[in-house]
Amino acid sequence: MSDRLYIFDTTLRDGEQVPGCQLNTVEKIQVAKQLEALGVDVIEAGFPISSPGDFNSVIEISKAVTWPTICALTRAVQKDIDVAAEALQYAKRKRIHTGIGTSPSHIKYKFNSTPEEIIERAVAAVKYAKRYVEDVEFYAEDAGRTDNEYLARVIDAVTKAGATVCNIPDTTGFRLPGEYQEKIKYLYEHVDAFSAGKAILSTHCHNDLGMATANTVAGVLGGARQVEVTINGIGERAGNTSLEEVAMTFKTHPELGIETNINTTKIYPTSRMVSSLMNMPVQPNKAVVGRNAFAHSSGIHQDGVLKNVSTYEIMDPKDVGIDDNAIVLTARSGRAALKHRLQVNGVELDGERLDKVYAEFLKLADKKKEVNDDDILVLAGADRANA
Ligand code: KIV
Ligand code: ZN
């Protein structure tokens, strides 16, 4: 099995479905170009049949972006596939992502169908999509709650019909990491196309129980070689797996031998862009890209980091595109932290003068939650004036 992990970004499709996050075509092109610079392999640009806006965005993104594969989503419905193929006409590399629900509740309540009929519809959709493009991905919606034996029959049938990527969504974010890993491993071992190198498995995890990243990593360990992710983990309900968490997990764990094409130094700027265009703030303690992700505020941690960053940091903030490790000054900060922040701002203070500014700093920190650079420059300036 190859150790190259393909990154499939669905910020502009699953991510954009969040109410209030809608982007216009110009904004989508901006995000798509940034995703290209970030090094994602596949951009899911939209669901063309769903609206004229989505259709047009897939066309314009296909023209604007050259390196990544452009993917369009469809249901297992011929009309959807026709429209997706039309929207993809300008893409240099194109993929149709078609599929159908496979869990008992989807089969019964959504389709009022039977397991055998669902396999027939899945196979027919893949064959139909193959008339337009070589690269066809199949999704088994709610695969997380689909019995493994039946799922393997579905996946075997669609790979025989020509699907080259098989997406196993944990649509409701229900599975535990061990269970999801087992599901992927079971499919890898029971569907010939995977060991024969004719198709790969993809993860697509939702975060309803906060396990999207854990499940995605588990899926890769189980044999998946594509992960479906969004910037900042945005997406329906509690969101999708976040790209930055997965990319940094494999970067910080080289012993796993998994490689991606992500230029991690572009992670932070991409996160900021998506957050501001979608008007979707990133929680301060969000892993990798949150405001506090590299901020050490307790005195003991600050002291350790200033002596050697490895004491409390597992990643270099520069590796994700953040320039400074943002030692945050609070009432719990020590002299060393204050001295460091002053140095970053070009002010050298030692001995008695540092003690004096530190005493003033503590008074201010008691009144303010966080003391910023401007505050300490004022304190240091006042000290210089009194010196
Ligand atoms: O979560 C899901 O099942 C999906 C599919 C449509 C791929 O987003
Ligand atoms: Zn999804």
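Take the Cα radius of gyration of region 149-299 and divide it by 2.2 N^0.38 Å, with N its residue count; two decimals is plenty.
Relative to the 2.2 N^0.38 Å estimate, region 149-299 comes out at 1.13.
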*List the residues whose amide H sits under 5 Å from the amide H of Gly101, counting only those 5 or more places along or on another chain, with H placed 1.01 Å from N in the peptide plane.*
Glu141
*Rounded to 10°, Cα long-axis angle of helix 25-38 versus longest principal axis of the chain*: 80 degrees
*Which links in Lys33/Lys94; Lys63/Lys160; Lys28/Lys94; Lys94/Lys266; Lys33/Lys63; Lys110/Lys198 stretch past 22 Å when you go from one Cα to the other?*
Lys63/Lys160; Lys94/Lys266; Lys110/Lys198
_Spacing of the two label points (7 Å from each Cα toward its C-beta) at Val378 and Glu179, in nm_ = 5.5 nm
*Please list the radius of gyration and Dmax for region 88-206, considering alpha-carbon atoms only, with Å as the unit.*
13.7, 41
*Could you tell me how many degrees, from 0 to 90 and to the nearest 10, lie between the Cα long axis of helix 78-87 and the main elongation axis, the longest principal axis, of the Cα atoms of the chain?*
50 degrees
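Only Cα pairs under 8 Å and at least 6 apart count here; give the relative contact order of region 1-105 as a rounded whole percent.
Values: 177 pairs, mean separation 24.7, N = 105.
24 percent.
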*Please build a GNM for the chain, connecting alpha carbons under 10 Å apart, and tell me which residue among Ile262, Ile49, Ile300 fluctuates the most.*
Ile300
*Return one number: the angle in degrees, 0 to 90 and rounded to the nearest 10, between the long axis of the Cα atoms of helix 148-160 and the longest principal axis of the Cα atoms of the chain.*
70 degrees
*Tally the DSSP beta bridges in the chain and give the antiparallel ones as a percent, rounded to 5.*
5 percent
*asked:* As an exercise, find the ratio Rg/Rh for the chain from alpha-carbon atoms, using the Kirkwood inverse-distance average for Rh.
replied: 1.09
*For region 3-48, with equal point scatterers placed on the C-alpha atoms only and solvent neglected, what are the log10 I(q)/I(0) values from the Debye formula at q = 0.16, 0.20 1/Å, to two decimals?*
-0.43, -0.64
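Bear in mind these aren't lab numbers, they're just calculated from the coordinates by the rules spelled out. No experiment lies behind these values; they were computed from the predicted model shown. Neighbour counts are summed over all protein chains in view; Cβ atoms, including those assigned to glycine, are modelled from backbone coordinates with ideal geometry.
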